[in-house]
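In what follows, a structure is listed as structure tokens, so that the remarks can point back to it.
The values are calculated or read from the model by the stated rules, or taken from the named source; none is laboratory data. Computed from a prediction, not measured in an experiment: that's the story for all the values here. Virtual Cβ from ideal backbone geometry, glycine too; neighbours counted across all protein chains shown.
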Amino acid sequence: MSTQTALSVDLTLSLTYHHGFGALSPFLTALQQGSLVGSRCPACGDVRFPPRRVCLHDGDATEPHQLDSTGQVIRVTVGSVPIPLSEPAQDRIFAEIAVDGTNNRVLARLSGDPTLLKRGARVRLVPPSTTKPPHPIQALIFEPIEGTLT
């Protein structure tokens, strides 16, 4: 047996992929335009954000449902997190938010001073940026509504 090391080389691979969003397209398009679209069950009236294709309670197909772009902070946390496809790790604020008119909560990024963003604070979706993020879900950022911080 030979004691030689096997030959190897370093290769760099690059891939461009066109990814369609299918049934999530209305939700993600609305998000990039600065509005929220959830889902509503026509049978029981359950409203969810982000949208669900099928009702969690009765299994019926849901329909798109326009929501106000506001909500209330339930919990807040700060952590050093990289955002996939874009920025390196840095401190970011995340919150569990009860979007007005929905029956569930969503985890989303918050902008602003983390010491002011307490439980009960009212928030709204950040207006769309002129620069599109690498992925549409990265537009899901809320900001405090002035005069409502607790």
- Identify the residue in region 75-94 that is of a type in the set (A, V, I, L, M, F, W, C) and in contact (Cβ under 8 Å) with a residue 40 or more places away in the chain and, among all such residues, is nearest to Val123 (Cα to Cα). Val76
- Message: So, in region 102-111, exactly how many residues are part of a loop (DSSP other than H, G, I, E, B) and surrounded by fewer than 15 Cβ atoms within 10 Å (Cβ to Cβ)?
- Response: 2
- Query: For Val99, are the conditions met, namely being surrounded by 13 or more Cβ atoms within 10 Å (Cβ to Cβ), modelled with pLDDT of 95 or more and either touching a helix residue (DSSP H, G or I) at 6+ places or on another chain (Cβ under 7 Å) or of a type in the set (A, V, I, L, M, F, W, C) (or both)?
  - Reply: yes
- Within region 74-107, the residues that are of a type in the set (A, V, I, L, M) and under 18 Å from Ser35 (Cα atoms) are Ile97, Ala98, Val99, Val106, Leu107
